[in-house]
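Undergrad: This is the structure I want to talk about, given as structure tokens.
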Amino acid sequence: MKKQYWSIVLLSVLLGACDLEQTPEATTTRDAVFNSEKGLEVYSNSFYVPLTNPDYSILPTANNQVRGDEMSDFAARTQIPDFLRDGAFGPRQSSGWDWRALRNINFFIENAKPSPDVSTEAREHYLGVARFFRAMFYFDKVKRFGDVPWINKTMSIEDPDLYSNRDSRTLVMDSVLADLDYAGAHVREAADNSRSTVTRYVVYGFKSRVCLFEGTFRKYHTEYNLGGTATKWLEEAAGAAQKVMEKGGYLLNESGGPTASYRQVFISRTPVTSEVMLAAAADVNLSLFNDANWYWTSATYGSRVSFTRTFINTYLLEDGTPFTDQSGHETMVFADEVKGRDKRLQQTIRMGNYTRVNAGKREVAPPVFSYTYTGYQPIKWTLDDTYYDGGTRNDNSVALLRYAEVLLNYAEARAELETITTDDWTKTVGALRRRAGITGNLTTLPTMLDDYMQAEYFPDISNPVLMEIRRERGIELALEGLRFYDLVRWKHGELLLKVWNGLYVPALDVPMDLNEDGVMDVAFYKTMPANPVKGVTYVNVGEKINNLDNPQRLSHDSSGEITWLANVDRGEWNDKRYLYPIPETDSLMNPALGQNPGWY
């Protein structure tokens with residue numbers, strides 16, 4: 001956290017603002033930065049924490065990370081995102097075409113010349129850090145916009161290249177890969193316990209994410225005619241992940257056993273250093289907090305994001321078999337369906353014996369229907385003390401890159417290459433499931449294709465191994481900000497339009513005990529009963545509320561799954577949404593940028 005302080009103190013004095021409208025001052029003070037290792041270190045800290053506005057950060061902020069999956073196929077929320085609604089989003093509403101952070105990086109790369117006062121090793125380390133952040137910056141731009149201008153110099157306001165057109169995806173991504181390779185070869189290995197510093201194995205972990213995205217994007221988006229190059233990127237992904245697995249020294253956190261070890265990674269005040277590779281850490285002394293509790297436990301502040309039943313159905317039983325293979329699973333009530341499942345389920349949603357602390361007293365805490373629309377209420381990022389619910393108070397560190405993701409990146413890349421072995425499976429998906437208390441199918445490659453996964457999610461996948469890796473990725477990485485772009489790279493954006501369904505309700509007007517503590521929690525009605533049960537939350541599922549269509553219904557009128565916003569027209573999926581439009585203000589300023597297909 002001291003990065004922010006020293007960056008502001010030194011860089012604001014020496015260099016001034018770094019954006020496309022203002023050039024850093026060329027003064028003798030520049031030598032004080034670039035001719036000393038300390039100066040290089042302090043400047044490089046500005047890549048982590050921007051001097052002007054955290055919104056320009058290349059790294060996700062803690063708050064952005066904990067709400068990163070609010071637009072995904074498994075997330076029911078207050079409203080359907082405008083991005084997914086026909087006619088509600090276009091170039092005028094688009095954003096993200098900002099290049100200020102890049103100029104800061106390029107200025108450093110241009111000026112970090114050999115100096116007798118700085119060792120070659122130190123200079124190359126900080127250049128590697130800079131190039132890592134440039135790769136991260138460009139990866140985000142390519143994911144969002146596709147073709148973008150490749151800028152590897154510090155441009156002035158008079159530079160004609162400011163008004164050039166976009167470069168090809170292949171040129172930009174090859175340049176990203178070159179930056180990551182340089183960083184992997186030169187960034188130091190040593191890590192600090194705050195997990196707030198880029199190290200060599202952070203670089204390789206992130207490289208596995210980038211290359212897996214690009215390899216699968218090129219494989220499944222055949223319209224780009226880049227399928228012939230997908231193998232190279234998948235091999236790079238597997239190779240980068242393998243370096244982390246063999247030399248990084250990371251392990252899955254298993255402290256606390258199957259019922260606690262997974263969630264500890266997300267609610268710990270200090271990063272769980274065995275597994276967390278890079279984090280946005282909280283610091284009470286510097287008043288650096290996040291608002292995860294406020295966002296996830298408020299009826300008004302957040303988007304009331306809840307999981308859908310379709311997704312919850314993908315959690316396996318403890319023996320490693322699909323939950324949906326059970327007879328009668330379709331009409332199983334909440335208290336029964338959550339039993340005997342993958343232990344990550346009880347560490348991801350409110351269920352069973354989950355409790356919270358209220359004014360020092362621990363109390364049972366079933367799903368609360370003033371917060372959740374579906375009944376599957378997330379707890380992954382929230383602290384159990386209600387003290388944290390009312391503002392920006394959370395002091396848990398937020399993982400930005402985890403070893404678990406690297407394992408999944410390796411497994412998926414190897415499966416896509418059709419080279420995955422039993423040993424690969426055991427070390428990756430098998431290890432993750434073993435931590436989650438699953439006992440079966442941990443050391444053998446899957447041979448049976450799950451019909452439910454194929455019918456509900458990936459009808460184009462016939463490889464049982466790849467299907468199970470996709471299941472595992474959805475469960476292990478839920479709410480970590482990766483799901484939207486997983487769907488993009490797999491070319492399954494249509495999943496974003498799935499109906500938002502919730503827990504099964506066997507009958508109207510009958511209170512339900514969601515956690516089997518003997519206290520009734522919720523009831524669903526069309527006509528409010530004359531004598532409601534005290535303490536029960538009553539949810540209206542009639543057709544109208546105050547003469548307006550009710551967005552919450554039951555799938556079979558008087559029974560069935562809760563459906564939320566099922567009566568709102570979602571339209572049809574349009575492939576233009578695999579890319580965002582170039583913002584209107586930027587395309588007007590530089591017409592040479594053109595516009596992405598379908599967004600005119």
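The values are calculated or read from the model by the stated rules, or taken from the named source; none is laboratory data. Keep in mind that this is a model prediction, so the values were computed, not measured. Cβ: placed from backbone, ideal geometry, glycine included. Neighbour counts: every protein chain shown. Ligands, DNA and RNA are excluded from the accessible area calculation, which covers all protein heavy atoms including side chains. Shrake-Rupley method; radii C 1.70, N 1.55, O 1.52, S 1.80 Å.
Undergrad: Residue by residue through the range 489-500, which ³J(HN,Hα) values in whole Hz follow from phi under the Karplus form 6.51 cos²θ - 1.76 cosθ + 1.60 (θ = phi - 60°), with glycine and proline marked x?
TA: Calculated HN-Hα couplings, in order: 5, 7, 6, 10, x, 4, 5, 5, 9, 4, 5, 8 Hz.
Undergrad: Also, I was wondering about something else. What length, rounded to one decimal in nm, is gained on full extension from Asp192 through to Thr392, with 0.36 nm per residue of separation minus their alpha-carbon distance? Spell out each step's value before the answer.
TA: Working: separation 200, 0.36 × 200 = 72.00 nm, distance 2.59 nm.
Separation in residues times 0.36 nm, less the Cα-Cα distance, equals 69.4 nm.
Undergrad: Counting Lys +1, Arg +1, Asp -1, Glu -1, what net charge surrounds Asp342 among other residues with beta carbon under 9 Å of its beta carbon?
TA: +3
Undergrad: Leaving ligands, DNA and RNA out of it, rank Asp31, Asp192, Asp117 by accessible area with a 1.4 Å probe, largest first.
TA: Numbers: Asp31 90, Asp192 50, Asp117 115 Å².
The most accessible residue leads, giving Asp117, Asp31, Asp192.
Undergrad: Next up: Give me the percent of accessible area attributable to carbon and sulfur for the range 150-209, probe 1.4 angstrom. It would help to have the intermediate numbers written out before the result.
TA: Working: 1210 of 2500 Å².
Roughly 48 percent of what the probe reaches on the range 150-209 is carbon or sulfur.
Undergrad: For the range 393-434, which whole percent of the accessible surface, found with a 1.4 angstrom probe, sits on carbon and sulfur atoms?
TA: Numbers: 420 of 1030 Å².
Accessible surface attributable to carbon and sulfur in the range 393-434 totals 41 percent.
Undergrad: Kindly report the accessible area of the chain per residue (heavy atoms of protein chains, probe 1.4 Å, no ligands, DNA or RNA), in Å². All intermediate terms of the calculation are to be shown ahead of the outcome.
TA: Working: 24250 Å² over 600 residues.
Using a 1.4 Å probe on heavy atoms only, each residue of the chain averages 40 Å².
Undergrad: Among Lys113/Lys141; Lys153/Lys243; Lys361/Lys526; Lys207/Lys498; Lys141/Lys343; Lys143/Lys232, which pairs are too far apart, with a Cα-Cα distance over 25 Å?
TA: Details: Lys113/Lys141 28 Å; Lys153/Lys243 31 Å; Lys361/Lys526 36 Å; Lys207/Lys498 31 Å; Lys141/Lys343 36 Å; Lys143/Lys232 19 Å.
Over 25 Å apart, Cα to Cα: Lys113/Lys141; Lys153/Lys243; Lys361/Lys526; Lys207/Lys498; Lys141/Lys343.
Undergrad: For the range 225-297, with all protein chains present and a 1.4 Å probe, just round the carbon and sulfur fraction of the accessible area to a whole percent. Each step should come with its number before you reach the end.
TA: Values: 1550 of 3160 Å².
Percent of accessible area from carbon and sulfur atoms in the range 225-297: 49.
Undergrad: Search the structure for amide H atoms under 5 Å from the amide H of Leu278, placed 1.01 Å from N in the peptide plane, and list their residues when 5 or more places away or on another chain.
TA: It is Leu400, Leu401, by chain and number.
Undergrad: Helix-derived [θ] at 222 nm for the chain: sum -39500 (n - 2.57) over DSSP H runs of at least 4, divide by residue count, nearest 500?
TA: Numbers: 20 runs with 202 residues, N = 600.
Helix contribution divided over all residues of the chain: -10000 deg cm²/dmol.
Undergrad: With label points built 7 Å along Cα→Cβ from the Cα atoms of Glu223 and Asp82, find their separation and express it in nm.
TA: For Glu223 paired with Asp82, the spin-label model returns 2.4 nm.
Undergrad: Let me ask you something else. So who's got an amide H within less than 5 Å of the one on Glu561, skipping anything under 5 residues away but keeping other chains? H placed 1.01 Å off N, in plane.
TA: Those qualifying (amide H under 5 Å, at least 5 residues apart or on another chain) are Val505, Ser555, His556.
Undergrad: From the mean inverse distance of alpha carbon pairs (Kirkwood) and the Cα radius of gyration, derive Rg over Rh for the range 54-212.
TA: On the way: Rg = 18.0 Å, Rh = 17.8 Å.
The Rg/Rh ratio comes out at 1.01.
Undergrad: Give me the dipole magnitude in Debye, nearest 20, for the chain about the Cα centre, with unit charges on the beta carbon: positive for Lys and Arg, negative for Asp and Glu.
TA: Magnitude of the dipole: close to 760 debye.
Undergrad: Please give me the summed charge of the neighbours of Arg435: other residues whose Cβ is under 9 Å from its Cβ, Lys and Arg +1, Asp and Glu -1.
TA: Neighbour charge sum, excluding Arg435 itself: +3.
Undergrad: Across 10 Å bins from 0, what is the distribution of all Cα-Cα pair distances for the range 264-401, in whole percents?
TA: Per 10 Å bin, starting at zero, the Cα-Cα P(r) for the range 264-401 comes out as 11, 36, 34, 16, 2, 0 percent.
Undergrad: Just order 138-151, 64-77 by mean Cβ neighbour count inside 10 Å, highest at the front, would you? Working shown, then result.
TA: On the way: 138-151: 19.6, 64-77: 21.9.
Those peptides, ordered most packed to least, come out 64-77, 138-151.
Undergrad: Further question: Please give the net charge around Ile109, taking every other residue with its beta carbon less than 12 angstrom from that of Ile109, where Lys and Arg add +1 and Asp and Glu add -1. Before the final figure, lay out each step's value.
TA: Details: positive: Arg103, Lys113, Arg123, Arg131, Arg134, Lys153; negative: Glu110, Glu124, Asp179.
My count for the surroundings of Ile109 gives +3.
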